[in-house]
Each structure stands twice: as C-alpha cells, then as structure tokens.
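A short write-up of the structure that comes next.
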Amino acid sequence: MAEKISVVIPAYNAEKFIKRALMSVINQTYKELEIIVVDDGSTDNTLLICKSMAEIDKRVIVYHKKNEGVTKARDYGISKATGDYLTFIDSDDTIEQNMYEILYNNLKDYDADISHCGYKVIKPNNEINYFYNSQTIKVQNHNDGIIDLITGKLIGPGLWTKLFKKSLFEDIEYDKSMRINEDYVINLLVFKKAKKSVFCDYPLYNYYQNENSGSTKNTKEYYYKDILNAADLTENIFRNNDIIYPYAQRKWFKTYSDMYKNQASYPINEMEFDIKSMLREVLKKLKKNYVSLINNTQFSVSDKFILRTLKYCPKLLLLICRIR
C-alpha cells in the first residue's frame, strides 16, 4: 500500500485562486494524498469553493477557523494531518503534475528525511524566472543541508517546495506570533533534525507573484523584529557547531548590517514605532561582536569593509549606501 502524503493548504480570502491550487494537487500523478485546506476565517467565497471541491474529491478535507494568520492556520493543518509525509502549498500557487511523485521517489531512493525541488516565479505579465533549473540532483548530509538553507543556496526559505517526513515536525517549538521569516525558522528547526536531504533542481512549484507583491510599506514593528529574531535564532542554535557556526554568524551579520545600512530606504516618518531606537541597538550589537565577527572565515572582503566602517565610522557607510 502506498504511503500517504498530507498536503496542507492555508487559505484566506483566496476565492480567485484556490480552485486552481486545489486542482493542481488533485491531479497529481501520486494519488495517495490527504489534502487539508484550512480556511482562516475568510470573508469571501473561499470556504464555499473548498467545500464544493471536497464533494468532488473525497481526499479534500476542509477545516474552518477564526482568522489568526497563516502560521496558526498551517499549524492547525499539521495537527490534523495523518499522513507519513507532510508538504505545503500556498492557496494562490500551483504545482506541476508530477511534483509529489518525483519528491517521494527521490526521498525513498536516497533514504532522505527531506526531498525538495526548484521552482519558478510567474510574474503578473507572465514573465517567468527560474530557481534554478539546472536539472541536477544534490544529496545533502546534515551539515550541508543546513548550510545551504542558511546561505540561501539551493534551499529557499519557503516550505512549499519540500516533502518532509512528518515525524520531523514533532516537538519543534518556535514563536508562533512571527509573521515574517516564520517559514525559514520552521525549515531551520526541521533541517536541524534531518540526517539527510535530497535536492532535485527541477522547477516543479509555480509561485505566482501578485500585482501588489512587495508594494506595501513596512511601517510595523513586528516586520523588523521578526527579521532580527530569525537571525538571532540562526546564530544561537548553531553556536556549538564548528562547521555550521561561521555561516550562521555571517547570516546574523548580514541581517543586522543590512537593516542598519539600508535605513535610507525606510519610510521613517511613517513608522508606527521608534525605529531609530531599534537601529541604535542594532549598531550597538554589531560593535559589541566586532572581534568575533572580524575573525569569521566566511566573511568576504566586502563584509569586512562594512564591519570596519560600522565599527569606526557608521555615518560614512550610511552616506555610501545613500549615494548608491
């Protein structure tokens, strides 16, 4: 008997896209699926559409809950999953017809805990960007998988390109209030438990970039705090791993230094919190860790220039970034 894959789909006001997403899952060549849709308190016809799809295909199971955000909706779906394996899809995206068959076969063939693939970004004008489509396969041991995730090489921060052994999600704890970088944090905790992963660089997931993607001004405190917290978590988790830590520390540095030096692009006068105080604290932490950072073997010449400038003349760095 084939092993079951649980597919979790959080949905909120997705009436324009949810049927398209569901059909791409229903039509998978791998048939042993449990398709869990969690309607997160939608105010449009999302719930009605999902229920009608469940009548057509009994593998579709629909849950409705009050609106609490995508993280809690996803967690609710995970709690209801009964499959041997777990995967995710966003309600406005689609997947290629053989995605789950390929990921499952790779996971079994390479005796891996996580199987993941490439993807493509489809823009509103139908322009397509591939990530990365080299048509290669890479087997990653425990350390390599985490390093590739931290550096962003091969492994994206999203959950949707991956098939996981469901057991990896048992007893993982993280801040459920996170709204930015929560996918990356979950991946970090899950990859930390995995012994082996396998990456097939075929673009099997279709990420649709909506008209308003990236157009919202970030004036909320949580946006900046969540980004810093994810960096802090990365650095703290691997502090005692000599192989991974240089990469984790560089991730921390890049996050903190980027937040500080890019402040000219922030809508400072529209902020709903005291961002200047936060930026002062960011600079203080960078300076405090200067000695450890400057000796990091993964730092590039550019990294060290930025670090030294932050240490001795941060105003010069801000001026350089503003001119550029």
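The values are calculated or read from the model by the stated rules, or taken from the named source; none is laboratory data. Predicted, not measured: the structure shown is a model, and the values here were computed from it. Every residue, glycine as well, gets a Cβ built from its backbone with ideal geometry; the counts of neighbours run over all protein chains shown. Each accessible area value is taken on the protein alone, full model and side chains, heavy atoms only, with ligands, DNA and RNA left out. Shrake-Rupley method; radii C 1.70, N 1.55, O 1.52, S 1.80 Å.
For Leu319 and Lys65, what does the FRET efficiency come to when R0 = 51 Å and r is the distance between their Cβ atoms, rounded to the nearest 0.05? All intermediate terms of the calculation are to be shown ahead of the outcome.
Working: r = 49 Å, r/R0 = 0.97.
Taking R0 as 51 Å, the efficiency between Leu319 and Lys65 is 0.55.
Just to confirm a number: summing +1 for Lys and Arg and -1 for Asp and Glu over residues other than Leu204 whose beta-carbon lies under 14 angstrom from that of Leu204, what do you get? Could the numbers behind the result be given before it?
Numbers: positive: Lys120, Lys162; negative: Asp93, Glu96, Glu101, Asp201.
In short, -2.
Backbone geometry of the range 266-273 corresponds, through the Karplus equation with coefficients 6.51, -1.76 and 1.60 at θ = phi - 60°, to 3J(HN,Hα) couplings of 7, x, 3, 6, 9, 4, 9, 7 Hz, x marking Gly and Pro. Summing Lys and Arg as +1 and Asp and Glu as -1 over all other residues whose Cβ lies under 13 Å from the Cβ of Lys193 gives a net charge of +1.
Helix 99-109 axis versus longest C-alpha principal axis of the chain: approximately 80°, rounded to the nearest ten.
In order along the range 158-171, phi translates into HN-Hα couplings of x, 8, 6, 9, 10, 10, 10, 5, 4, 4, 5, 8, 6, 6 Hz, rounded to whole numbers, per the Karplus curve 6.51 cos²θ - 1.76 cosθ + 1.60 with θ = phi - 60° and x for Gly and Pro.
Work out the FRET efficiency for Ser277 and Arg20 from their Cβ-Cβ distance, taking R0 = 35 Å, and round it to the nearest 0.05.
Numbers: r = 45 Å, r/R0 = 1.27.
My answer for the efficiency is 0.20.
Shape call for the range 1-92 from the C-alpha gyration tensor, a ≥ b ≥ c root eigenvalues: rounded (a/c under 1.5), prolate (a/b greater than b/c) or oblate? Because a/c hits 1.5 or more and a/b fails to exceed b/c, the range 1-92 counts as oblate. Derived scalar couplings between HN and Hα for the range 242-250 equal 5, 7, 7, 4, x, 6, 5, 5, 5 Hz in order, rounded to whole Hz, by the Karplus curve 6.51 cos²θ - 1.76 cosθ + 1.60 (θ = phi - 60°), x for Gly and Pro.
Dividing the summed helix terms, -39500 (n - 2.57) for each DSSP H run of n ≥ 4, by the number of residues in the chain produces a 222 nm estimate of -13000 deg cm²/dmol to the nearest 500. Residues considered: Ile128, Ile26, Ile146. Largest GNM mean-square fluctuation over the chain, using C-alpha springs under 10 Å, is found at Ile128.
For Lys123 and Asp175, the difference between the fully extended length at 0.36 nm per residue and the C-alpha to C-alpha distance is 15.6 nm.
What per residue convex hull volume, in Å³, do the alpha-carbon atoms of the chain yield? List each step's numbers first, then the result.
On the way: hull volume 49.2 nm³, N = 324.
Spread over its residues, the Cα hull of the chain gives 152 Å³ apiece.
What angle do you read, to the nearest 10 degrees and between 0 and 90, between the alpha-carbon axis of helix 221-237 and the longest principal axis of the chain? Tilt of helix 221-237: around 90 degrees.
Roughly speaking, to the nearest percent, how much of the range 1-109's 1.4 Å accessible area is carbon and sulfur?
Values: 2390 of 4870 Å².
That share works out to 49 percent.
The stretch between Thr219 and Asn27 holds 65.0 nm of extra length on full extension. This uses 0.36 nm per residue minus the Cα-Cα distance.
Roughly how many Å² is the accessible area per residue of the range 52-142, as a whole number, for a 1.4 Å probe? Walk me through the intermediate numbers first.
On the way: 4530 Å² over 91 residues.
Each residue of the range 52-142 exposes 50 Å² on average to a 1.4 Å probe.
Is the shape of the range 38-83 rounded, prolate or oblate, going by the alpha carbon gyration tensor and its root eigenvalues a ≥ b ≥ c, with a/c under 1.5 for rounded and a/b larger than b/c for prolate? Verdict is oblate for the range 38-83.
Loop only by DSSP, 13 or fewer other Cβ within 10 Å of the Cβ. Give me the GluC sites (Glu not before Pro) in the range 185-274 that pass, ordered by residue number.
Details: sites: Glu211, Glu221, Glu235, Glu270, Glu272; in loops: Glu211, Glu272.
Loop-located and lightly packed - Glu211, Glu272.
When the alpha carbon gyration tensor of the range 193-301 is reduced to an equivalent ellipsoid, the three semi-axes, largest first, read 27, 25, 12 Å.
Suppose we keep just the DSSP beta bridges with both residues in the chain; what percent of those would be antiparallel, to 5?
Numbers: 16 of 42 bridges.
Of all bridge pairs located within the chain, approximately 40 percent are antiparallel.
Does the range 44-166 come out rounded, prolate or oblate by the C-alpha gyration tensor, with a ≥ b ≥ c the root eigenvalues, rounded set by a/c under 1.5 and, if not, prolate when a/b is larger than b/c and oblate if not?
Values: a/c = 1.81, a/b = 1.47, b/c = 1.23.
Taking the square roots of the gyration eigenvalues as a ≥ b ≥ c, the range 44-166 is prolate.
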